[in-house]
Structure formats: C-alpha cells, structure tokens
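This report refers to the structure that appears directly beneath it.
The values are calculated or read from the model by the stated rules, or taken from the named source; none is laboratory data. Please read these numbers as outputs of a predicted model, since none were measured by experiment. Here the Cβ is made from the backbone with ideal geometry for all residues, glycine too, and neighbour counts use every protein chain on show.
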Amino acid sequence: MPKSRSPFTMDCWNKAWIIHGHKLACRHCGAKQCPTTDEHPFRHTDTCEMSATGPRYPWKELNDLLKADLAETRRMLH
Ligand SMILES: [Zn+2]
C-alpha cells in the first residue's frame, strides 16, 4: 500500500501558527482565524511575510497533521 505523507510536520506547523483560545493565530502578524471560517484562506495583515507564501488553510493543515499522527500511532500499535 503506498504511503502518502503530509509535506508538513507538526514542528513545521507550530513554527508558523499558534492556538489562542479557540482561534488560530499567525505567529508573525498575530492575525487570527476562527475554526468556523476554515473554508476560507487565512488572512494575514498586509505586511506579514507569511502572506507572500500564498493562501493557506492552517485549520485544514492541522486537521490533516492530527489525522496523520493518529494513523502513525495506530500503525505502531499493531
Ligand atoms: Zn501572518
């Protein structure tokens, strides 16, 4: 079975984003996004260097990372 791995790691994600209460914030500009708007690309401030890397969906990335972690954990247990 081919193993598809996420290009992002949890360490990578943690360097760019941080959870503030129930919102997710950019570590560079402090812009925040609610989980209820995870269908929309994250909106950085105009001056944020992260905004140059294109639209991102940090909630989806986090979700994918958590799922990948879970799959990895299950694989190790069996
Ligand atoms: Zn930002």
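Some points to look at:
- Lys60 at pLDDT 90 or above and under 19 Å from Cys12 (Cβ atoms): yes
- Scope region 24-40; condition surrounded by fewer than 15 Cβ atoms within 10 Å (Cβ to Cβ) and within 20 Å of Asn63 (Cα to Cα); matching residues: Arg27, Cys34, Pro35, Thr36, Thr37, Glu39, His40
- Selection count, region 6-23, where residues are within 13 Å of Arg56 (Cβ to Cβ) and modelled with pLDDT under 90: 3
- Residues satisfying the stated conditions in region 21-77, i.e. of a type in the set (Val, Ile, Thr) and either within 16 Å of the ligand (Cβ to nearest atom) or outside any helix (DSSP H, G or I) (or both): Thr37, Thr45, Thr47, Thr53
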